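Working notes, structure below.
The values are calculated or read from the model by the stated rules, or taken from the named source; none is laboratory data. Computed from a predicted model, the values in this text were never measured in an experiment. Because the Cβ atoms are built from the backbone with ideal geometry, glycine has one as well, and the counts that use them run over all protein chains shown. Please note that ligands, DNA and RNA were not included when accessible areas were found on the heavy atoms of the full protein model with its side chains. Shrake-Rupley method; radii C 1.70, N 1.55, O 1.52, S 1.80 Å.
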Amino acid sequence: MASALPLGDPAPADGLLPESAAAGAADRAFGVYVHVPFCRVRCGYCDFNTYTSDELRGARQADYADHAIAEIRMSRQMLEASDLPARAASTVFFGGGTPTLLPAADLVRMLGAVRDEFGFEPGAEVTTEANPDSVGPADLARLAEGGFTRVSFGMQSAVPHVLAALDRTHDPARVPLVVGWARDAGLDVSLDLIYGTPGESIDDWRRSLDAVIAEGPDHVSAYALIVEAGTKLARQIRRGELATPSDDLEADMYELADELLAGAGYEWYEVSNWATDAAHRSRHNLGYWRSDDWWGVGPGAHSHVGGVRWWNAKHPSAYADRVTARVSPAVGREVLDAAARETERVLLLTRIREGIDLATLSASGRHAVAGLMADGLVDAKAALSGALVLTMRGRLLADAVVRRLLDESSELSSRT
């Protein structure tokens, strides 16, 4: 079952934003996220807003591109009517779900609508997620011809029994094929991994890391498995069919990932992300961590502009009904106050390699830095130069660092 939408105020049917959203907009990057909510099967660990064919209840995959394009057209009009300055998209990201379950021609059409309505910044980054078994060489060539610059493959593991525990359906042997096809098409490549799956050993994890490094992608993401309430995986663990992931083992796995990836020439730039160089960092995701602006297109998609966050109707049929009626698909929103925006700023910027300018912290936050240095959680040399940057130990305990910076009394151990 997909996670519930957050609580908030009702979103206006006309999609207009409050005046506060326009403040400083010209200084913020603008990105577009397109959510494609379709999957062949639901993975046992996933609580994303995705739907298999028997869950669509009247919605059709074949109609989806037209509905998304309708929202893209409305989004420009809503931003203009809200007196937001015209900004070209610096990044576009198609996520899901499995975007490449749609024909490549549909993805290119949706991207074309973004280009028509907003234009692209020079050198714009355009990414689609893909499962290794959802694309062939012709699909990737068509995407590249249509303006995509990057593909992010959900590899998750190179070990069959780990993939089976995650309900992933692809053959690990297909990963080298799709990477080669993407390279032939001229696309940059990211490989995504998950660690801490029940039954996964440190040797299994090393095998997956070695397999990734052998492919030489431009970018690697590695996320600890989170057991989300309401998922098949959570039920299996509750019934004792699978073991709860071990925090200590996950920490060992993270350290191994950083060691092997650094040895292969990758640098961490966010707690769970590594790239061959700064040019191959995910600029779209950096926009999230830096609290830039983005419009989220599609069922359940979230948007953020100038401290205003809103979210669309979850089910594809409800979403389709709204955009067909020329009504904003947003069903809820919140306007973040100054305290909430500061909390998010510290939470997100702490995770990236450049860290936070110490001068921008509150007095209590600056006072906490000496203790964080003493505990080995932040880099002392960087702090003396005016920046708070996490050490390896700090990356493993990033949430604890944030709590101390925000002067909260309790600490929360974080799994990266």
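What the table shows:
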{"item": "Condition broken by Arg403, with the remaining ones in (1) within 30 Å of Gly96 (Cα to Cα); (2) open to solvent by 20 Å² or more (accessible area, probe 1.4 Å) satisfied", "result": "(1)"}
{"item": "Residues being touching a residue at least 24 places away in the same chain (Cβ under 8 Å), aliphatic (A, V, I, L, M) and more than 16 Å from Leu397 (Cα to Cα) - total across segment 351-386", "result": "6"}
{"item": "Residues of segment 78-98 satisfying the condition of being farther than 27 Å from Arg281 by Cβ, touching a residue at least 12 places away in the same chain (Cβ under 8 Å) and not in a loop (DSSP other than H, G, I, E, B)", "result": "Met78, Ala81"}
{"item": "Any pair with Cβ under 9 angstrom, 6 or more apart, that starts in segment 106-118 at a residue that is closer than 19 Å to Leu84 by Cα and assigned by TED's automatic domain parsing to the domain that holds Arg76 and ends at one that is assigned to a helix (DSSP H, G or I) and hydroxyl-bearing (Ser, Thr, Tyr)", "result": "Glu117/Ser75; Phe118/Ser75"}
{"item": "Exclusive hit being in contact with a Leu (Cβ under 8 Å, 6 or more places away or on another chain), over 21 Å from Pro6 (Cα atoms) and surrounded by fewer than 21 Cβ atoms within 10 Å (Cβ to Cβ), set Gly355, Gly332", "result": "Gly355"}
{"item": "Boolean, Trp294 is open to solvent by 20 Å² or more (accessible area, probe 1.4 Å), assigned to a strand (DSSP E or B) and in contact (Cβ under 8 Å) with a residue 12 or more places away in the chain", "result": "yes"}
